[in-house]
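The values are calculated or read from the model by the stated rules, or taken from the named source; none is laboratory data. Worth saying up front: this structure is predicted, and the values here are computed from it rather than measured. All Cβ positions, glycine included, derive from the backbone under ideal geometry; neighbour counts span all protein chains shown. Quick note on the areas: whole protein, heavy atoms, side chains included, nothing else; ligands and nucleic acids left out. Shrake-Rupley method; radii C 1.70, N 1.55, O 1.52, S 1.80 Å.
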Amino acid sequence: RELLINLLKLGSHELVGQGVDLEIVIATNQEEADATLAKAPEYGFDLIILDLRYPRSGTDIDIDYHGLTWLPRLRRAQLDAAIVVMSVYGYEGFLALVVQALRDGRADEFIPKNVPWEEMRDRIRGALDWASKRRGPRVAARLASQPMRSQVAHPAAEDVLRAAQCARSRLIQVAEELASK
């Protein structure tokens with residue numbers, strides 16, 4: 001967990017752009033995860049990285065696959081978030097559960113914990129891009145049903161930010177392709 005946090009902080013410019021600070025919230029058990037979800041920002045989280053195997057509480061010594069049972073509730077509560085499932089368990093039976101979660105739209109990406117940072121970064125970036133594209137129609141529908149003058153500036157800023165992030169992601173991809181050639 002600490003290594004991933006350090007990689008996210010050091011590589012934040014590769015995920016969210018220059019000059020944007022990441023705010024990382026950590027939950028190490030189900031009780032903390034539920035409390036964090038209850039205190040989520042008004043517009044939700046941008047990215048949730050979910051390990052599927054963790055304890056129920058801080059005093060619980062038994063580790064179980066709470067993430068699999070929590071994932072549907074997490075998705076309902078955080079419709080616009082990019083949810084990335086990470087696990088070291090990559091055997092066939094477990095992967096079937098992960099694939100089902102991806103198909104059901106509960107998770108946006110699965111990343112084995114042992115992949116190199118470059119691949120992890122690209123997969124996280126892809127999940128963020130996908131969540132951004134998925135968010136657009138929902139935001140538009142919400143605004144169309146409740147048009148209020150006070151909401152005009154915020155959606156416009158979101159649209160500009162989304163366009164800039166998409167353009168930045170594409171430029172990074174082009175730069176990486178040029179560098180590899």
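Given the options Ala131, Ala81, Ala96, Ala127, name the one that is open to solvent by less than 80 Å² (accessible area, probe 1.4 Å) and more than 21 Å from Leu8 (Cα to Cα).
Ala96
Taking the stated definitions as given, is Asp60 within 19 Å of Asp129 (Cα to Cα), assigned to a loop (DSSP other than H, G, I, E, B) and either of a type in the set (Asp, Glu) or open to solvent by 30 Å² or more (accessible area, probe 1.4 Å) (or both)?
Taking the combined requirement at face value, the residue does not satisfy it.
Of the residues that make up the range 33-41, is at least one within 14 Å of the chain's Cα centre (by Cα) and closer than 25 Å to Cys166 by Cβ?
There is at least one residue in the range 33-41 that is within 14 Å of the chain's Cα centre (by Cα) and closer than 25 Å to Cys166 by Cβ.
Suppose we filter the range 38-57 for residues that are in contact with a helix residue (DSSP H, G or I) (Cβ under 8 Å, 6 or more places away or on another chain), in a loop (DSSP other than H, G, I, E, B) and buried (at least 18 other Cβ atoms within 10 Å of the Cβ); how many remain?
Total meeting the criteria: 2.
Output the number of the condition that Ile26 fails; it satisfies all remaining conditions of (1) β-branched (Val, Ile, Thr); (2) open to solvent by 50 Å² or more (accessible area, probe 1.4 Å); (3) not in a loop (DSSP other than H, G, I, E, B).
(3)
Need a quick list: helices (runs of 4 or more DSSP H) entirely within the range 70-181 having at least 2 residues that are among the polar types (S, T, N, Q) and either farther than 21 Å from Glu42 by Cβ or at pLDDT 85 or above (or both).
Hits in the range 70-181: 153-180.
In the range 8-19, is there at least one residue being of a type in the set (Val, Ile, Thr), open to solvent by 30 Å² or more (accessible area, probe 1.4 Å) and modelled with pLDDT of 85 or more?
no
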